[in-house]
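Colleague: I have a structure I would like to understand better, so I am pasting it below and will then ask my questions one at a time.
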């Protein structure tokens, strides 16, 4: 049998339009992503990159008066299909937000939360998974002696890694990150970036960032958004050294945006 | 010519001090009013209070004996109205804040709740008499009185619940949904535990309000003189606020009941005060447990 040289896309968007009421926020976006890649979404504020990110786990559903057209496929399935189980979809797609938002529970319970709401009750399994997730998110050494303490006692950077652990605990195959380091100091930011690099082997990661260097450092591919349109999507190296579109070039070199 | 900076500085300082003094004075006045009222009741009421006063039936045309049946009656009414109003109020508060988007439904619910809160309590009393006492044939009873008081306090419960839920930042809900939690799971496991301290405080304050209400029980449950304890929810009871009203205005011998009246007032005030302190203690306890900071 002939081997597939082009990998099947893990995530695919085709002609995606999104409206907030009358506002046309995404205009015919088409792009696809391979498994175990990190894709960075960049562009000036309000360009639609975060909105696009939220299309993949249907978080836009939570915003009233939102309408989506076009096709969004995850693992070959149309996620906007009527029969789609949204809770199941979100279990399969982890998300990390701009501002760390741990629950007002203990460190342990924060990580266990996703398992519990998805029906896992085996204490031993939960304990193992919590430990593994905290190890994966490089937080275990710092918190292993205070798992019962409130998550609010952690620093901002630790809280964000806790939120990553929380997302990893339910074994998603895709992780969405919405400016995960923008509220953090440089050291915490470096830790998060290192983490993204580590996680790449097991997860497909889509990251929204305002930080050009960050996009350059962590991603395989970069998509540049402007005013709701996808201007250019290519290998990160090309986007940052030899973009085809002048607007992309102006943005990545800091001439506007 | 430029104004003299030193002069401006002096003028600013002066207005600062004036306003500060005024605000301090007003706050002090409020505290003073409370202290005077409490002091007045304590000084007049304390001599009346002893073990017999709290545990005996009223005697000799309510000029002697105790107020035990009124304490029990008020307790029954508070309990009855809680059982009725809390579940309904909390559920509808959750509905309004968590399940409706900003739109006509939410606006309608809010307007209705506000209007309900604005109805004078005597009107609730009349309504309770018409519906529960006569319409549903509950008669003058604990059941009718509790339902009427429950209606009265319902808007407070709804608003308290709604405001407490509204104060919870949306990022917690979003974070929960993103992990595959359903709306119900999110409310039960994240939102409600966070809102609980505030809800409980509001509920206990509403109990304080119920225990002091007179008008709604006037035509629905309160007995003028009934020196025995209730046996079922269809019995009438005496109640502290109504008892106070009776022995102050239409007792057999108002002058000699005076001491009893102040004693009754003091007991009522102490109950409300104790509930408020309990509200604070529970709030602090749950606040620590949920670790909001």
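Each value in this text was obtained by applying a stated rule to the coordinates, not by laboratory testing. Just so it is clear, the structure is predicted and the values come from calculations on it, not from any experiment. When we count neighbours, we look across all protein chains shown, and the Cβ atoms used for this are built from the backbone with ideal geometry, even at glycine.
Colleague: What translational D, rounded to a whole number of µm²/s, comes out for the protein assembly as shown from Stokes-Einstein when the hydrodynamic radius is the Kirkwood one over Cα pairs, at 4 °C and 1.567 mPa s?
Modeller: Details: Rh = 28.4 Å.
The calculation lands on 46 µm²/s.
Colleague: Summarise the long-distance tail of P(r) for the range A:206-257 by giving the % of C-alpha pairs beyond 15 Å.
Modeller: Numbers: 487 of 1326 pairs.
The calculated P(r) of the range A:206-257 puts 37 percent of pairs beyond 15 Å.
Colleague: Continuing with this model, one more query. Report, as an integer, the average count of C-beta atoms from other chains found within 10 Å of each Cβ along A:91-102. All intermediate terms of the calculation are to be shown ahead of the outcome.
Modeller: On the way: counts 4, 1, 2, 3, 5, 2, 4, 1, 3, 2, 9, 3.
So the per-residue partner count for this stretch is 3.
Colleague: Something else now. What is the helix-to-structure angle for A:123-136, meaning the angle in degrees between its Cα long axis and the longest Cα principal axis of chain A, kept from 0 to 90 and rounded to the nearest 10?
Modeller: Compared with the principal axis, the helix lies near 50 degrees.
Colleague: Right, next: If you average 1/r across every pair of different Cα atoms in the range B:129-179 and take the reciprocal, what Kirkwood value do you get, in Å? Please list the in-between numbers first.
Modeller: Details: mean 1/r = 0.0730 Å⁻¹.
Taking every pair of different Cα atoms in the range B:129-179, averaging 1/r and inverting gives 13.7 Å.
Colleague: When each pair of different Cα atoms in the range A:99-257 is counted once in the 1/r mean, what is the Kirkwood radius in angstroms, to one decimal?
Modeller: Details: mean 1/r = 0.0590 Å⁻¹.
With all distinct Cα pairs of the range A:99-257 included, I get 17.0 Å.
Colleague: Need one number: % antiparallel among DSSP beta bridges in chain A, to the nearest 5.
Modeller: 60 percent
Colleague: Over the Cα atoms of the range B:51-290, what Rg and Dmax result, in angstrom?
Modeller: When restricted to the Cα atoms of the range B:51-290, Rg and Dmax are 20.6, 70 Å.
Colleague: Gaussian network model of chain A, Cα springs within a sub-10 Å range: biggest mean-square fluctuation belongs to which of A:95, A:84, A:227?
Modeller: In the Gaussian network model the winner is A:84.
Colleague: Can you give me the C-alpha center-to-center distance between the range A:32-64 and the range B:185-212, rounded to a whole angstrom?
Modeller: With the range A:32-64 and the range B:185-212 each reduced to a Cα centre, they are spaced 38 Å.
Colleague: Springs between alpha-carbon atoms under 10 Å, Gaussian network over chain A: tell me which of A:176, A:62, A:199 tops the mean-square fluctuations.
Modeller: Judging by the Gaussian network model, the answer is A:62.
Colleague: Using a Gaussian network model of chain B with C-alpha springs under 10 Å, which one of B:202, B:128, B:175 is most mobile by mean-square fluctuation?
Modeller: Most flexible of the set in this elastic network: B:175.
Colleague: Above 16 angstrom, tally the Cα pairs of the range A:135-188 and express them as a % of all pairs, no decimals.
Modeller: On the way: 621 of 1431 pairs.
Pairs farther apart than 16 Å: 43 percent.
Colleague: Averaging over every viewing direction, what projected area does the convex hull of the Cα atoms of the range B:1-139 cover, in nm²?
Modeller: Numbers: hull surface 75.6 nm².
Taking a quarter of the hull surface, the average projection is 18.9 nm².
Colleague: If you don't mind, another one. Take the alpha carbon atoms of the range A:98-156, find their center, do the same for the range B:1-80, and report the distance between the two centers in whole angstrom.
Modeller: Using only Cα atoms, the two centres lie 48 Å from each other.
Colleague: The range B:208-293: Rg/Rh from Cα coordinates, Kirkwood Rh? Working shown, then result.
Modeller: Working: Rg = 17.2 Å, Rh = 15.1 Å.
Dividing the radius of gyration by the Kirkwood radius yields 1.14.
Colleague: Moving on. What is the order of A:81, B:140, A:61, A:75, fewest Cβ neighbours within 10 Å to most?
Modeller: The fewest-first ordering by Cβ neighbours comes to A:81, A:61, A:75, B:140.
Colleague: Also: Calculate the translational D of the range A:13-97 in whole µm² s⁻¹ from Stokes-Einstein, where the hydrodynamic radius comes from the Kirkwood formula applied to all Cα pairs, the temperature is 10 °C and the viscosity 1.306 mPa s. Don't jump to the answer; show the numbers that get you there.
Modeller: Numbers: Rh = 13.5 Å.
Diffusion coefficient, whole number: 117 µm²/s.
Colleague: Turning to a different aspect of this structure: Give the angle, between 0 and 90 degrees and rounded to the nearest 10, that separates the Cα long axis of helix A:156-168 from the longest principal axis of the Cα atoms of chain A.
Modeller: 90 degrees
Colleague: If the viscosity is 0.692 mPa s and the temperature 37 °C, what Stokes-Einstein diffusion coefficient in µm²/s follows for the range B:5-48 when Rh is the Kirkwood radius over Cα pairs?
Modeller: Details: Rh = 13.0 Å.
For these conditions, the coefficient is 252 µm²/s.
Colleague: Two decimals is fine: what's Rg over Rh for the range A:1-148, C-alpha atoms, Kirkwood radius as Rh?
Modeller: Working: Rg = 18.4 Å, Rh = 17.9 Å.
Radius of gyration over Kirkwood radius for the range A:1-148 works out to 1.03.
Colleague: With N set to the number of residues, divide the alpha-carbon radius of gyration of the range B:130-271 by 2.2 N^0.38 Å and report two decimals.
Modeller: On the way: Rg = 21.0 Å, N = 142, 2.2 N^0.38 = 14.5 Å.
Against the empirical 2.2 N^0.38 Å value, I get 1.45 for the range B:130-271.
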